[in-house]
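Read through the structure below, which is laid out as C-alpha cells, and then see the notes.
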Amino acid sequence: MNNKKLIQVIFAVLLPLSIYSQVTLSPAFPAVTFTSPVFLTHAGDGTNRIFVLEQAGYIRVFQNDSSVSTVNTFLNITNKLSAGGERGLLGLAFHPIYSSTRYFYIYYTRIGDGALIVSRFTTM
C-alpha cells in the first residue's frame, strides 16, 4: 500500500471518531417510554405526529413535541405476529401521498410459519 492510500485509510477511520466525540445525546421525548422500539417515522401528512414501532406488534403515535406525555396505539397486531430476536413488527412505510390515499404498509413475521409479510392498511 502506498503512503497516499495509507493516509486515506487512516483519515477515513479517524475522522468519524472525531465527529462522534462532538455529539451529545439527549432524550427527545423524556416523558414517554417504549418496549423494544425498532423504528420511528412520520406520515408526512402535516399532522406533526410521530409513529414508533414496538417489536411485539404495536405502532404507537404521539405529537412531535418534546413535552408530550401521552402515547396512543395506532395499530395492534400482536395476535398476528411472532416476536423476539429478529422477528416481530419490523417495518412501517406510509404511502407518498398518505394524506390522500390513507395507505400505510407494515412488515412483520407471521405467527405460525414465520413467513415475512408485507401488508397494506387503510386508515379512515
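The values are calculated or read from the model by the stated rules, or taken from the named source; none is laboratory data. No experiment lies behind these values; they were computed from the predicted model shown. With ideal geometry, Cβ positions are generated from the backbone for all residues, glycine too; neighbour counts draw on all protein chains shown. For accessibility, only protein heavy atoms count, side chains too; no ligands or nucleic acids. Shrake-Rupley method; radii C 1.70, N 1.55, O 1.52, S 1.80 Å.
List, please: which pairs have Cβ atoms under 8 Å, are six or more places apart or on different chains, and start with a residue in the range 111-123 that is closer than 14 Å to Asn79 by Cα and end with one that is of a type outside the set (Asp, Glu) and surrounded by fewer than 11 Cβ atoms within 10 Å (Cβ to Cβ)?
Listed pairs, sorted by first residue: Ile111/Asn79.
Among the residues of the range 100-109, which ones are under 20 Å from the mean Cα position of the chain (by Cα) and exposed (fewer than 15 other Cβ atoms within 10 Å of the Cβ)?
Tyr105
Consider Leu75 carefully, then state whether it is within 21 Å of Ser36 (Cα to Cα), in contact (Cβ under 8 Å) with a residue 24 or more places away in the chain, in a strand (DSSP E or B) and open to solvent by 50 Å² or more (accessible area, probe 1.4 Å). Break it down stepwise before answering.
Numbers: within 21 Å of Ser36 (Cα to Cα): yes; in contact (Cβ under 8 Å) with a residue 24 or more places away in the chain: yes; in a strand (DSSP E or B): yes; open to solvent by 50 Å² or more (accessible area, probe 1.4 Å): no.
In short, no.
Would you confirm, using the coordinates I've provided, whether Glu86 is surrounded by 18 or more Cβ atoms within 10 Å (Cβ to Cβ), under 16 Å from Tyr108 (Cβ atoms) and of a type in the set (Asp, Glu)? Step through it out loud before you land on a result.
Details: surrounded by 18 or more Cβ atoms within 10 Å (Cβ to Cβ): no; under 16 Å from Tyr108 (Cβ atoms): yes; of a type in the set (Asp, Glu): yes.
No, not satisfied.
When residues of the range 22-32 are filtered for being polar (S, T, N, Q) and surrounded by 15 or more Cβ atoms within 10 Å (Cβ to Cβ), how many remain?
So the first thing to find is which residues in the range 22-32 are polar (S, T, N, Q), and the list is 22, 24, 26.
Next, only the ones that are surrounded by 15 or more Cβ atoms within 10 Å (Cβ to Cβ) stay: none.
Total satisfying the criteria: 0.
Could you please find all residues in the range 58-72 being open to solvent by 60 Å² or more (accessible area, probe 1.4 Å), outside any loop (DSSP other than H, G, I, E, B) and either acidic (Asp, Glu) or more than 19 Å from Ile111 (Cβ to Cβ) (or both)?
We begin by selecting, within the range 58-72, every residue open to solvent by 60 Å² or more (accessible area, probe 1.4 Å); these are 58, 63-67, 69-70, 72.
Keeping just the survivors that are outside any loop (DSSP other than H, G, I, E, B) gives 58, 63, 72.
Passing the criteria: Gln63, Asn72.
Out of (1) more than 26 Å from Val32 (Cα to Cα); (2) open to solvent by 50 Å² or more (accessible area, probe 1.4 Å); (3) not charged (D, E, K, R), the odd one out for Ala115 is which?
(2)
Mind checking which residues of the range 33-57 are open to solvent by less than 60 Å² (accessible area, probe 1.4 Å), free of Cβ contacts under 8 Å to residues at least 24 places away in the same chain and in a strand (DSSP E or B)?
Within the range 33-57, Arg49, Ile50, Val52 qualify.
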